[in-house]
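Engineer: This is the structure, below, for whatever I ask next.
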Amino acid sequence: MFTGIVQRMGRIAELDLKAEWGRIGVDAGAWDRPIEIGESVAVCGTCLTVKEAVGGVLRFDVLRETFRRTNLGEKPVGSMVNLERALRWGDPLGGHIMIGHVDGVARVRSVQPVGRDWRFEFECAKDLMDGMVFKGSVSVDGVSLTIADMTADSIGIHIIPHTYDITCFGRYRPGDAVNIEVDILGKFVRRYVERGVAFPGLTWDTLRGTGLIAGDAVPGRP
């Protein structure tokens, strides 16, 4: 489990793609608490298991399906990635609960400076938008963020200078792919609603009609 508080950036140093699987090596440098074999690390929000840790380079075995469903398959050697180690008992929960299972890939639509900050707009497919809530939490490339505004096919995020500097946000350009994980609590609610278990008679289309979720939602409306 992760919180979306990125601890550092790493650089993809090795990339080996096979027919059904691949391997990725990330130069992460030295950690105060050494990385252990078998440890879980979120790489741009994708939970991967450390196979080797040699000289600051972390190596992961990755399924071909993972490369296909995340942006890791689009990142060449030399690309920077966000890194976060899995939570330990007693660690602060500074962001929101994340599991590192990417729901889909979004695209950067625009990047605009707003005073000292930056506003990013991400174009998302409908299945991703169904998991978005105005002022709710979302993981973008493993960073815990708050949705500032929404349209039928995009979310707007405001990024402060600290986040811009210590994560990959300072490197994003329009068209770039980012990994999205919607709020796990929202997934459970959606499942109960779709099955008619928790709220008999309440449907996903009913919620969409209220503007609480994307679809007929009014941009910026809670």
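Engineer: Helix 184-195 against the longest principal axis of the chain: what's the angle in degrees, Cα atoms only, rounded to the nearest 10?
Structural biologist: Its long axis makes an angle of about 40 degrees.
Engineer: Could you list 164, 172 so that the one with the fewest beta carbons within 10 Å of its beta carbon is first and the one with the most is last?
Structural biologist: Final ranking by Cβ density, sparse to dense: 164, 172.
Engineer: Within a 10 angstrom radius of the beta carbon, how do 63, 128, 58 rank from fewest other beta carbons to most?
Structural biologist: In order of increasing Cβ crowding within 10 Å: 63, 128, 58.
Engineer: Rounded to whole Å and sorted largest first, list the principal axis extents of the Cα atoms in the range 8-85.
Structural biologist: 35, 22, 20
Engineer: Any idea how many Lys pairs in the chain come in under 25 angstrom at the alpha carbon, given 8 or more places apart or on separate chains? Each step should come with its number before you reach the end.
Structural biologist: Numbers: 18/51; 18/75; 51/75; 75/126; 126/135; 126/187; 135/187.
Pairs that pass both the separation and distance tests number 7.
Engineer: Taking the alpha carbon gyration tensor of the chain, what are the square roots of 5 times its eigenvalues, largest first, to the nearest whole Å?
Structural biologist: 31, 20, 17
Engineer: I would also like to ask the following. Evaluate the distance, in nm, between pseudo-label points positioned 7 Å from the Cα of residue 126 and of residue 36 along their respective Cα→Cβ axes.
Structural biologist: My value for the distance between the label points is 4.6 nm.
Engineer: Oh, and also: State whether the range 104-210 is rounded, prolate or oblate according to the following rule on the C-alpha gyration tensor (a ≥ b ≥ c being the square roots of its eigenvalues): a/c under 1.5 gives rounded; otherwise a/b larger than b/c gives prolate, and the remaining case gives oblate.
Structural biologist: It is prolate, given that a/c is not under 1.5 and a/b is the larger ratio.
Engineer: How would you rank 118, 89, going from fewest to most other Cβ atoms within 10 Å of each one's own Cβ?
Structural biologist: With the sparsest Cβ surroundings first, the list reads 89, 118.
Just so you know, all these numbers are worked out from the coordinates, no wet-lab data involved. Keep in mind the model is a prediction, meaning the values are calculated, not measured. Note that we place each Cβ from the backbone using ideal geometry, even for glycine, and neighbour counts take in every protein chain shown.
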